[in-house]
1. T448: open to solvent by 20 Å² or more (accessible area, probe 1.4 Å), β-branched (V, I, T) and within 17 Å of E514 (Cα to Cα), yes or no?
2. Within region 182-209, restricting attention to residues that are modelled with pLDDT of 90 or more and surrounded by fewer than 23 Cβ atoms within 10 Å (Cβ to Cβ), which residue is nearest to A136 (Cα to Cα)?
3. Collect the residues in region 193-221 that are part of a helix (DSSP H, G or I) and hydrophobic (A, V, I, L, M, F, W, C), keeping them in residue-number order.
4. Checking D97 against (1) open to solvent by 20 Å² or more (accessible area, probe 1.4 Å); (2) under 21 Å from R68 (Cα atoms); (3) not in a loop (DSSP other than H, G, I, E, B), which single condition isn't satisfied?
5. Which of the residues spanning region 89-101 are in contact (Cβ under 8 Å) with a residue 60 or more places away in the chain and touching a helix residue (DSSP H, G or I) at 6+ places or on another chain (Cβ under 7 Å)?
6. Count, please, the residues in region 462-477 that happen to be of a type in the set (D, E, K, R) and under 24 Å from the mean Cα position of the chain (by Cα).
7. Name every residue in region 102-131 that is in contact with a helix residue (DSSP H, G or I) (Cβ under 9 Å, 6 or more places away or on another chain) and assigned to a loop (DSSP other than H, G, I, E, B), in order of residue number.
8. Taking the options A299, A286, name whichever one is over 28 Å from A140 (Cβ atoms) and either in a loop (DSSP other than H, G, I, E, B) or at pLDDT below 95 (or both).
Amino acid sequence: MQQPFHRLLIGRTLAGRYEVGDVIGSGGMSVVFRGMDRTLGRPVAVKVVALPSEPEELRVNLRDRFRREAGSAAQIPHHPNVVQIYDYGTDPELDLDFIVMELLPGRDLKEVLAVAPPRPEASVRILLEAARGLAAGHRAGIVHRDVKPANVFLTGDEGRESVRLLDFGIAKPLGPDGDDGLTTVGQLPHSPAYASPEQMQPGEPVTAASDVYQLGLIGYELLAGARPWTDAELQRIRAEGEELPLPETPRWAAVAPALRQVVARAVRTRPADRYPDAAEFAEALAAALRDEHTVMQPATAAHDATVALPPPPPPAPSAAPPLRHTTAVPAPRRRRRGAPVLLAVPLLLIVAGLLWALTRDGDDAERSAAAAPLDAAGDTAALAQLEEKFVRLQASVAEGLDRQAPPVDVDTDEGDAPESQAEREAREREAAAEIERVVLDLNRSWVTGDLDRHLSHYAPRLARYYNERGASRDFVRQDRLASMRKYGERNMTVLRQAVTFPAPDRARALVDKEWSFIGDDERWDGAERQELVLEKRDGRWLVVSERDSEVYRSERRRT
């Protein structure tokens, strides 16, 4: 498509409804424009397909394929990891085919990789979300056939981006359709650098396992920082059916073994040796993360001992009302100096594994009273549904530890007797309950708009506040004020918490929660796991670091 044609389309209205704006992307035989749906008054992306003028028979056949495939892609149910197709059709005046889809701010993975691969944790999250989006197409009976970094789009704030899979425009229904040869004239139905071996063989069936192969190549590139094979090696794989192992580079060798095995299976030469579809690939990735509790092999530093929560599925939407005010004033406790950390780690993990079970048995009355006014975050029924699984998880972690570890000595103030194990467990149990109340009130006070009380839970300066390092409390205030102005109605549900203690006066809290924020022009629904680091200062637990550990769901739409 030539530049003058671009200019001719800008300002036109296709099919009497879609106004065409400036060009935002192009490739192959299509150009994507920023547009406006004049009927619904919402911004959209308009993809216009340019077909060769001759021969006429090829033009007619390609056009028929485009219409059929656009219709198939539009049948994929709405999924948070797939770009949404709104409409497709033909402008009668220009005799021009087009697809209308949601307009996304952000960048594609090709742009990201051109600079540097994301951090390992972000890389696995991107891979997992892309697999879930691809699985939505497979469940609808659609094979993508062109899974490449340029079709993996990252939208949202940098560091907290969610994934949208783009361009099902060359997708095909599962099973033969009798005209695959048409797409070999002028345009290939894939990108050669990421094509599966069977895609390079005429007449070979292309199945969901082909998409898995392409996504597996992206997974290796994300985690190892480079594509796995040279052009010559790809030729051996594709032409001769050779099975080559993934290169054991230092960066790849540092990836946790279970994750390496998942990616290695995805890129096997024979389709039958791979995961049959993206759903099984995604399940294998999630299972590997649960088993390893980490992305990279090197052990977590001894001073950061934790018990990891498994990634739960996105929480169901909650109809609970907004958080309401409650107050809990803990009695101040004497501060103690930390024990030698290397000796403390095994025992701390055991304590963490027993913490929730002991807390539920011994302090039900006290904790129920503290949470009673909290309809959304502290609803004991919602927490109870997750409790049994959570306690079993932490107990299983504790069972794997060496129970012969030497006792941990805690340095005390001069003249104090050493703290016994029972005293330490009681202290940490009480501290965990106190921290949970702080976390609940931190969320409650923001939802209700009590900004001063909300900020009182933060240290004067934070080591980290999402992507900001060394953030002041005033920085947090401005960020919260901006959100409060944008979203007048705020609802939030804290589903569960897990608290561990790297040191006596330092805690790490993992918090699963979901939200629904509504403003004048936008609604934002989502669910995430948040990581908070708290320190005890002058008898109070204060947040010194806050970030998203994992975003399960994030959906914004115009109201």
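1. Numbers: open to solvent by 20 Å² or more (accessible area, probe 1.4 Å): yes; β-branched (V, I, T): yes; within 17 Å of E514 (Cα to Cα): yes.
Yes: the conditions hold for T448.
2. Restricting to residues being modelled with pLDDT of 90 or more and surrounded by fewer than 23 Cβ atoms within 10 Å (Cβ to Cβ), the top hit is T207.
3. Step one: filter region 193-221 for residues part of a helix (DSSP H, G or I), giving 193-194, 197-200, 208-221.
Listed by number, the residues that qualify are A193, M200, A208, A209, V212, L215, L217, I218.
4. Going through the list (1) open to solvent by 20 Å² or more (accessible area, probe 1.4 Å); (2) under 21 Å from R68 (Cα atoms); (3) not in a loop (DSSP other than H, G, I, E, B), D97 breaks only (1).
5. Quick first cut of region 89-101, residues in contact (Cβ under 8 Å) with a residue 60 or more places away in the chain only: 89-92, 94, 96, 98-100.
Hit for region 89-101 is I99, nothing else.
6. Let us first name the residues in region 462-477 that are of a type in the set (D, E, K, R), namely 464, 468-469, 473-474, 477.
In the following step, the residues that additionally are under 24 Å from the mean Cα position of the chain (by Cα) were identified as 464, 468-469.
Count: 3.
7. The answer is P117, P118.
8. Sole residue among the options that is over 28 Å from A140 (Cβ atoms) and either in a loop (DSSP other than H, G, I, E, B) or at pLDDT below 95 (or both): A299.
The values are calculated or read from the model by the stated rules, or taken from the named source; none is laboratory data. Note that the coordinates shown come from a computational prediction; the quantities given were computed from them, not determined experimentally. Neighbour counts run over all protein chains shown; Cβ positions are idealised from the backbone, glycine included. When the accessible area is computed, the model is the full protein with side chains, heavy atoms only, and any ligands, DNA or RNA have been set aside. Shrake-Rupley method; radii C 1.70, N 1.55, O 1.52, S 1.80 Å.
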